[in-house]
Amino acid sequence: MNQQKIPATVITGFLGAGKTTMIRNLLTNAGGKKIALIINEFGDLGVDGEVLKGCGAENCTEDDIIELTNGCICCTVADDFIPTMSKLLERENRPDHIVIETSGLALPQPLVAAFNWPDIRTQVTVDGVITVVDSAAVAAGRFADDHDAVDARRVEDETLDHESPIEELFEDQLTCADLIVLNKTDLIDGAGLARVRDEVASRTARKPAMIEAKNGDVPASVLLGLGIGTEEDIGNRKSHHELEHEDGTPHDHDEFDSFVVELGPIADPSAFVESLKGIIAEHDVLRLKGFVDVPGKPMRLQLQAVGSRIDHYFDRAWAAGETRGTRLVVIGLHEMDEGAVREAIEGLV
């Protein structure tokens, strides 16, 4: 057995930042590297896994894509991630590189720390943590409702730290990064991008490298081969939860909820998307993603929403024997009224 450590890249970033698109580009331009991919979804519908399995990359087959949908990977390291890694390392034909896509609501720190487990540290090293940022969302202030108000309150009360769990999570993901990818820069102008750079830099005392990207298009040579060994430096990248609960109290993600809405065929997808924008805005839905069945179309329509910005396109043909249908994952804060959101979406059909 080759005892050289397998490099692993952890890709994190908030909901809708473009992680899956970036990974899809990576898999199709990996230069012959055999890549194993571990995906941690938030919610019950494996949308990201389905998107990546359909990319057709020869160096990453469906057998090399492993989905973990039993909860946030940072909360279930012992139950899910460690056994998955162990099975992967037991394969006769081991991968050249492992890529792990965390849920948009996951903390990367506990995951990176897991690479110090005895059964893993001798065989795998964290090549680097890459945090993907939705530049348009940052420019629109989605990670702090009112920055001026937050700053004013901090001046008045030194104990005030964060306005929302979203803002805190955003900072935690940046704190753990070895490389920050400012994605979706085509959606903002130069001045907006400069503000985003300043905003992101201000959110972490560490100063990792920062690059710009459009549509998640970043060369594999940039993403892979960082050679950081991040697991050895995890003590310098503590999350807010770790700093606040160093007495051993476990953290949770009760601030966020998700549910799946299943519908029949959608005859007018354009009208459906426009109506969804109103529902998202009214109920402050953070993220909505899934697939739509359009009658008469042999391909399924993929739908990805971040706030009121919704992308939709036909991604692949419905497979033989596959049950057609419209299935959407809705993700929001814990106080989101699931019944009202579900009723509103179901009322569109």
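Bear in mind these aren't lab numbers, they're just calculated from the coordinates by the rules spelled out. All values derive from a computational prediction rather than experimental measurement. Ideal geometry is used to build each Cβ from the backbone, glycine not excepted, and the neighbour counts take in all protein chains shown.
Of note:
- 3J(HN,Hα) couplings calculated from phi for the range 108-116 with the Karplus curve 6.51 cos²θ - 1.76 cosθ + 1.60 (θ = phi - 60°) are, in sequence order, x, 4, x, 5, 4, 4, 5, 6, 8 Hz; Gly and Pro show x.
- Here, the range 298-349 has an Rg and a Dmax of 13.6, 40 Å when only alpha carbons are counted.
- Nearest-0.05 FRET efficiency for Arg342 and Asp189, computed from C-beta distance (R0 22 Å): 0.05
- Amide H within-cut-off set for Ala8, under 5 Å, with H built and near neighbours excluded: Ile98, Thr125, Val126, Asp127, Gly128
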